[in-house]
Amino acid sequence: MRTVIISGGSIQDGFALDFIKEKKPEYIIAADRGLEFCYRCQVTPDCIVGDFDSIDPEIIRYYREETELPIHTFRPEKDMTDTDIAVKKAQEAGADEIFFLGCTGSRLDHVLSCIYNLSLLREQGIRAWIADEHNLITMPLGQSYEICEGQQFGKYISLFPFRAQVEGLTLTGMKYPLTDAVLVLGDGGLGVSNERTGQRARMEWKKGILLVVESRD
């Protein structure tokens, strides 16, 4: 089941609306202040979660009193972020693809937390992406990944090892090809700002977890 989680970070309304329209999710979860986007853009979530400590009180009041949507309220003092809670709800609902909106912005701690959510979902065989108007971030399942003409999010493709080095990396159909290369943890330069040149950019690797960032200015 394709699911969109809308969190309380930076959201460009036009991009987010177009993204939701394109992906056609079967399930939408609003996490705390992400509900403000739903309210102002008339997006109806299937589920609402959070501690609601940062949301306009009138908005959460509206959803509690004027709708019958399920609202799961948590204490602010908890061991999970609101986005973490939304991930659990998505898994309980049967999600096999999850797209995160509103997970980037000024709070880099929350951005990093969401990137770690990509890793946790990958371990469970669930494909997941973080999206904003400039970036699309994922950790592919398996040991290969393709970005095809007509489907690419942005001009640039950057690759990073996650948790440990990526070994045996081969890139084809790209401006800067590699053959059986190693991406070392902590060396951020080698995989940054590559570009697709053929009809498809293909990444294959033998060992490790690859973080793929498609970006545009």
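Things worth noting here:
- Residue pairs whose Cβ atoms lie under 8 Å apart, sitting 6 or more positions apart in sequence or on different chains, and linking a residue in segment 57-85 that is under 24 Å from A128 (Cα atoms) and modelled with pLDDT under 90 to a partner that is open to solvent by 80 Å² or more (accessible area, probe 1.4 Å) and in a helix (DSSP H, G or I), are M80/K88.
- Only listed residue being part of a strand (DSSP E or B), open to solvent by less than 50 Å² (accessible area, probe 1.4 Å) and among the β-branched types (V, I, T), chosen from I11, I5, I60: I5
- Hey, L101 closer than 21 Å to G9 by Cα and surrounded by fewer than 18 Cβ atoms within 10 Å (Cβ to Cβ) or not: no
- Within segment 132-151, being in contact with a helix residue (DSSP H, G or I) (Cβ under 7 Å, 6 or more places away or on another chain) and of a type in the set (S, T, N, Q) holds for one residue alone: T138.
- Number of the condition not met by Q91 [criteria: (1) open to solvent by 60 Å² or more (accessible area, probe 1.4 Å); (2) modelled with pLDDT of 95 or more; (3) of a type in the set (S, T, N, Q)]: (1)
- Every pair of residues 6+ apart whose Cβ atoms lie under 9 Å, when the first sits in segment 127-154 and is under 13 Å from R202 (Cβ atoms) while the second is open to solvent by 30 Å² or more (accessible area, probe 1.4 Å) and among the aromatic types (F, W, Y): I147/F153
- D51 being closer than 23 Å to I137 by Cβ, charged (D, E, K, R) and in contact (Cβ under 8 Å) with a residue 24 or more places away in the chain: no
- When residues of segment 130-178 are limited to those that are at pLDDT below 95, open to solvent by less than 60 Å² (accessible area, probe 1.4 Å) and not hydrophobic (A, V, I, L, M, F, W, C), the one farthest from the chain's Cα centre (by Cα): G142
- For first residues located in segment 1-28 and over 11 Å from A131 (Cα atoms), partners that are open to solvent by 50 Å² or more (accessible area, probe 1.4 Å) and at pLDDT below 95 and lie 6+ apart or on another chain with Cβ distances below 6 Å form the pairs G8/R33.
- S106 meets the stated requirement of being at pLDDT below 95 and surrounded by fewer than 16 Cβ atoms within 10 Å (Cβ to Cβ).
- Close pairs (8 angstrom Cβ cut-off, 6 or more residues apart or separate chains): under 16 Å from A90 (Cβ atoms) and in contact (Cβ under 8 Å) with a residue 40 or more places away in the chain in segment 108-119, assigned to a helix (DSSP H, G or I) and open to solvent by less than 30 Å² (accessible area, probe 1.4 Å) anywhere: C114/T83
- Of all residues making up segment 75-88, the number that are open to solvent by 60 Å² or more (accessible area, probe 1.4 Å) and either touching a Gly at 6+ places or on another chain (Cβ under 6 Å) or within 11 Å of A31 (Cα to Cα) (or both): 0
The values are calculated or read from the model by the stated rules, or taken from the named source; none is laboratory data. All of these numbers come straight from a predicted model, not from anything done at the bench. Cβ: placed from backbone, ideal geometry, glycine included. Neighbour counts: every protein chain shown. Only protein heavy atoms, including side chains, enter the accessible area calculation; ligands, DNA and RNA are left aside. Shrake-Rupley method; radii C 1.70, N 1.55, O 1.52, S 1.80 Å.
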